[in-house]
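As structure tokens, the structure follows; a few thoughts come after it.
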Amino acid sequence: MCVRPPVMAVALVTGASRGLGLATALHFARMGGRVVAGVRDPAGADALLRVSAEEGLALDVAALDVTDPTSVDTAVAGLLERHGGLDVLVNNAGLGLAGAIEETGDDDARLLFETNVLGPLRLCRAVLPIMRGQGRGVIVNVSSIAGRVAAPFGGVYSATKFALEAMSEALHYEVGCFGIRVAIIEPGAFATGFHDSRLVADPDDVSAYAGRRRRWEAAAAGLPGRDRPGDPAAVAAAVYEAATNEDHPLRRPVGTDAELIAQLRHDLDDASFEHTVRSALDFWD
Ligand SMILES: NC(=O)c1ccc[n+]([C@@H]2O[C@H](COP(=O)([O-])OP(=O)(O)OC[C@H]3O[C@@H](n4cnc5c(N)ncnc54)[C@H](OP(=O)(O)O)[C@@H]3O)[C@@H](O)[C@H]2O)c1
């Protein structure tokens, strides 16, 4: 018999220095949670700490680089010592990459998998013994609609998010009987620094793919939801809902574009989906 907890108390959010992670950490704290905000560089967490102090939130910052096993273990040990347990892990830290498959080098691909796949895996390994010992816990993994559907020039990024979704789905089966729930959030386009901080495989924009990549990205930017990237607060609320609603589905797309793409992918076979995408973006060559 699996017993699931209703509400979170202590939450760890990775990649909380800015963007969706910052919004999520503040949202959890505003909803009454005790939040450990994992950031690579605590000296750069001024904005988070200022808002937290102004609002009297129960939020502290921990140094956490998800690509560094020692950093992960130290952050989780510190959290355990300070709070005595952990109810929610939000694997949010992530990195993007724009570029064709052929032009993506090993170093960029490795960094992407280190950050988006091995990072969450390390965090899961570190917190699961705590959650199993408690007999409760929730892990929310921030994927992407690109974790459901791969688009040209986003293949390696999609590969990391497909991998994250596969791990999450398997984990969901493995840990449910310990009272641990797993949820995947799949945002569409949201207004953060994600686009500007992504890796670019062809930064000089000169490869054989450059013209088609520019054309694809310009057309995709005009799709419903992409034309006006959403407010990170919507993702923060969706992550909180995933953490606190026992009946939350395993996967949830968030944002107009993500919901539309997920629905089309669900309704159409491969050929019909491809035809719809090519027609919508006028991308036939
Ligand atoms: N924004 C979107 O449109 C969108 C859409 C779909 C999915 N997502 C996903 O949402 C998540 C958050 O993205 P975002 O939009 O908030 O992007 P963002 O504004 O670029 O923020 C990324 C965050 O991840 C952190 N990070 C990167 N590498 C890290 C590492 N090795 N260890 C710890 N933290 C690290 C960054 O920390 P620093 O400040 O130290 O760099 C930053 O806090 C990502 O997983 C992304 O794939 C975003």
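The single residue among Phe162, Phe190 that is free of Cβ contacts under 8 Å to residues at least 40 places away in the same chain, within 16 Å of the chain's Cα centre (by Cα) and over 14 Å from Ala98 (Cα atoms) turns out to be Phe162. Scanning region 180-218 for residues that are of a type in the set (Gly, Ala, Ser), in a loop (DSSP other than H, G, I, E, B), within 16 Å of the ligand (Cβ to nearest atom) and surrounded by fewer than 20 Cβ atoms within 10 Å (Cβ to Cβ) yields a count of 2.
Return the residue satisfying two criteria in turn: it lies in region 101-144 and is within 21 Å of Gly179 (Cβ to Cβ) and in contact with a Pro (Cβ under 8 Å, 6 or more places away or on another chain), and of such residues it is surrounded by the fewest Cβ atoms within 10 Å (Cβ to Cβ). The selected residue is Arg136.
Filtering region 31-61 to residues that are small (Gly, Ala, Ser), crowded, with 20+ Cβ neighbours inside 10 Å and within 17 Å of Val10 (Cα to Cα) leaves Gly33, Ala37, Gly38, Ser52.
Picking from residues in region 228-248 that are surrounded by 22 or more Cβ atoms within 10 Å (Cβ to Cβ) and closer than 18 Å to Arg136 by Cα, the one that is farthest from the ligand (Cβ to nearest atom) is Ala243. Sort out which residues of region 219-228 are part of a helix (DSSP H, G or I) and touching a helix residue (DSSP H, G or I) at 6+ places or on another chain (Cβ under 7 Å), and write them in order of number. Listed by number, the residues that qualify are Ala219, Ala220. Looking across region 145-157 at every residue that is free of Cβ contacts under 8 Å to residues at least 60 places away in the same chain and either hydrophobic (A, V, I, L, M, F, W, C) or surrounded by fewer than 22 Cβ atoms within 10 Å (Cβ to Cβ) (or both), the one that is farthest from Leu118 (Cα to Cα) is identified as Ala150.
Of all the strands (runs of 3 or more DSSP E) wholly in region 1-115, which have at least 2 residues that are within 9 Å of the ligand (Cβ to nearest atom)? Because the criterion is at least 2 residues that are within 9 Å of the ligand (Cβ to nearest atom), the strands (runs of 3 or more DSSP E) in region 1-115 that meet it are 34-39. The helices (runs of 4 or more DSSP H) located wholly in region 229-281 that include 1 or more residues which are closer than 29 Å to Glu174 by Cα occupy 232-244, 256-267. Quick one: would you say Ala126 is touching a residue at least 24 places away in the same chain (Cβ under 8 Å), over 16 Å from the mean Cα position of the chain (by Cα) and within 13 Å of the ligand (Cβ to nearest atom)? For Ala126, the condition - touching a residue at least 24 places away in the same chain (Cβ under 8 Å), over 16 Å from the mean Cα position of the chain (by Cα) and within 13 Å of the ligand (Cβ to nearest atom) - is not met.
Read the figures in this text as sums done on the coordinates, not as results from a lab. Small disclaimer: the values here were computed from a predicted structure and weren't measured. As a convention, Cβ positions derive from the backbone with ideal geometry for all residues, glycine included, and neighbour counts pool all protein chains shown.
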